[in-house]
Amino acid sequence: MNDFKADVILGLIFMTGIFGFISGEFIISTVLFASAAIYSNVNLTRRLSK
């Protein structure tokens with residue numbers, strides 16, 4: 001997966017988390033923010049190890 005696709009996926013997960021937070025879905029938004037953070041760290045670690 002190239003960097004653009006990874007950035008788009010990360011952005012979509014983050015924006016969905018913000019929308020869930022505004023809507024009052026705090027558990028779902030927390031899970032989405034956590035998954036965005038984990039995905040970002042895994043992606044960054046994978047880039048640095050190459």
Item to check | the chain: translational diffusion in µm²/s, Stokes-Einstein, Kirkwood Rh over Cα pairs, 20 °C, 1.002 mPa s | outcome: 190 µm²/s
Next on the checklist: What does the extension gain come out to for N43 and T30, with contour length at 0.36 nm per residue minus their alpha carbon separation?
Outcome noted: 2.7 nm
Checklist entry - Taking only protein heavy atoms and a 1.4 Å probe, what accessible area per residue, in Å², does the chain have with all protein chains in place? => result 81 Å²
Checklist entry - With every protein chain left in place, what is the accessible area of T30 in Å² (1.4 Å probe, nearest 10)? => result 90 Å²
Checklist outcome for this item: Note on the chain: contact order normalised by length, alpha-carbon pairs under 8 Å, 6 or more apart, percent, works out to 34 percent
Item to check | Cut-off 15 Å between beta-carbons: net charge of the residues surrounding M15, Lys and Arg +1, Asp and Glu -1 | outcome: -2
Checklist outcome for this item: Sorted by accessible surface (1.4 Å probe, heavy atoms of the protein chains only), largest first, F33, F19, F26 come out as F19, F26, F33
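The values are calculated or read from the model by the stated rules, or taken from the named source; none is laboratory data. Computed from a prediction, not measured in an experiment: that's the story for all the values here. Heads up, the Cβs are rebuilt from the backbone with ideal geometry, glycines too, and the neighbour counts pull from every protein chain shown. Side chains are part of the model used for accessible areas, which takes the heavy atoms of the whole protein and leaves out ligands, DNA and RNA. Shrake-Rupley method; radii C 1.70, N 1.55, O 1.52, S 1.80 Å.
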